[in-house]
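Working notes, structure below.
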Amino acid sequence: FVSSAELHSTIARWGGAPTMMLEVGTPKWPGRQRCYDGMRPLRLCWIGLHIGRKALPIALRSLAEVKARGLGKKVHLTILGAGPDTRTCQALCQQLDVQEMVTWAGEVPFQRVRQELERQDAFVITSLQEGTPNAVMEALAAGLPIVCHGVGGMSLAVDESCGFKIPLADRQTSILQFAEAISRLVTCPGLLNRLSDGALHRAEALSWDNLVREIARAYDTIPLTDAA
């Protein structure tokens, strides 16, 4: 079993026949469909360690691009988490002049994370390398559309019904495409509402109950052999 297209391609090149399957399921949360009419700032959330592979600077530079498009007052990003790169990222935030678009919430207990997700409109994750982040599955369960790179488990968990998958090419491409996805959520009437409904349906499809049944079916297909 593999949870990403990258692993599937690697194993297939060596003659294997892996099955694509996520390693985590969505929690049973009472999610709700989000409604956004453009009359207030779009509330975005980013969660993770402030380390290189999480690529928080891409999110900050995307905000600068959104601001350059005249939408600076229409978007607000809450950043949860901390790490060795926190001060560097906060300095970049100042340098890009997007501090008014950002709230640095720091490290918070799990219950606070759930409360924060409940307050948000969409979830942004800029990681360059991941398995299947629990935060993505929790955001789907909460009814939040996802904006992410199409890598790791996110390449399987997120589809066009519930968010945007940005191809991993180069930094500038990522910045521009994250900014474009965010801008579309702000300016396209009904888009966020539709993706939120899709997130709830996707969360149901990726529930732990369904994952367990999928694993059981996969094991049932393995032929039994007699012990020597």
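If you scan region 121-157, which residues turn out to be in a loop (DSSP other than H, G, I, E, B), crowded, with 21+ Cβ neighbours inside 10 Å and in contact with a strand residue (DSSP E or B) (Cβ under 6 Å, 6 or more places away or on another chain)?
Across region 121-157, the qualifying residues are Asp121, Leu144, Pro145.
Can you work out which of the residues in region 84-98 that are more than 22 Å from the chain's Cα centre (by Cα) and surrounded by fewer than 16 Cβ atoms within 10 Å (Cβ to Cβ) is nearest to Arg53 (Cα to Cα)?
Thr88
How many residues, within region 99-117, are buried (at least 17 other Cβ atoms within 10 Å of the Cβ) and in contact with a helix residue (DSSP H, G or I) (Cβ under 6 Å, 6 or more places away or on another chain)?
Total satisfying the criteria: 3.
With the condition kept exactly as written, say whether any residue in region 90-97 is among the acidic types (Asp, Glu), without any contact (Cβ under 8 Å) to a residue 40 or more places away in the chain and more than 14 Å from Leu42 (Cβ to Cβ). Lay out the reasoning, then the answer.
Our first condition is that a residue be among the acidic types (Asp, Glu); within region 90-97, this holds for 97.
With the extra rule that they be without any contact (Cβ under 8 Å) to a residue 40 or more places away in the chain, the set shrinks to 97.
Those left that are additionally more than 14 Å from Leu42 (Cβ to Cβ): 97.
Yes, the conditions are met somewhere in region 90-97.
How many residues are in contact with a Gly (Cβ under 9 Å, 6 or more places away or on another chain) and loosely packed, with under 12 Cβ neighbours inside 10 Å if we restrict to region 65-83? Talk me through it step by step, then tell me what you get.
The first filter runs over region 65-83 and keeps only residues in contact with a Gly (Cβ under 9 Å, 6 or more places away or on another chain), leaving 66, 74, 79-83.
Now narrow it down to the ones that are loosely packed, with under 12 Cβ neighbours inside 10 Å: none.
Number satisfying all stated conditions: 0.
Just checking, does region 83-91 include any residue being touching a Lys or Arg at 6+ places or on another chain (Cβ under 7 Å), of a type outside the set (Phe, Trp, Tyr) and either closer than 19 Å to Ile146 by Cα or in a loop (DSSP other than H, G, I, E, B) (or both)? Talk me through it step by step, then tell me what you get.
Taking region 83-91 first, the residues touching a Lys or Arg at 6+ places or on another chain (Cβ under 7 Å) are none.
Looking through region 83-91, none of the residues is touching a Lys or Arg at 6+ places or on another chain (Cβ under 7 Å), of a type outside the set (Phe, Trp, Tyr) and either closer than 19 Å to Ile146 by Cα or in a loop (DSSP other than H, G, I, E, B) (or both).
Here's the yes/no breakdown for (1) of a type in the set (Asp, Glu); (2) touching a strand residue (DSSP E or B) at 6+ places or on another chain (Cβ under 9 Å); (3) in a helix (DSSP H, G or I):
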| site | (1), (2), (3) |
| --- | --- |
| Gln33 | no, no, no |
| Gly38 | no, no, no |
| Arg43 | no, yes, no |
| His50 | no, yes, no |
| Arg61 | no, no, yes |
| Val66 | no, yes, yes |
| Gly70 | no, no, yes |
| Leu77 | no, yes, no |
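Give the residue that is least open to solvent (accessible area, probe 1.4 Å), with candidates limited to residues of region 38-64 that are touching a Leu at 6+ places or on another chain (Cβ under 7 Å) and of a type in the set (D, E, K, R). Steps first, answer last, please.
Kept after step one, since they are touching a Leu at 6+ places or on another chain (Cβ under 7 Å), are these residues of region 38-64: 42, 44-47, 50, 53, 55, 57, 59-61, 63-64.
Subsequent filtering for residues that are of a type in the set (D, E, K, R) retains 53, 61.
Numbers: Arg53: 100, Arg61: 69 Å².
Applying the filter and picking the extreme gives Arg61.
The values are calculated or read from the model by the stated rules, or taken from the named source; none is laboratory data. Every value quoted in this text rests on a predicted model; they were computed, and no experiment measured them. Every residue, glycine among them, receives a Cβ derived from its backbone with ideal geometry; neighbour counts consider all protein chains shown. What goes into the accessible areas is simple: the full protein's heavy atoms, side chains included, and nothing from ligands, DNA or RNA. Shrake-Rupley method; radii C 1.70, N 1.55, O 1.52, S 1.80 Å.
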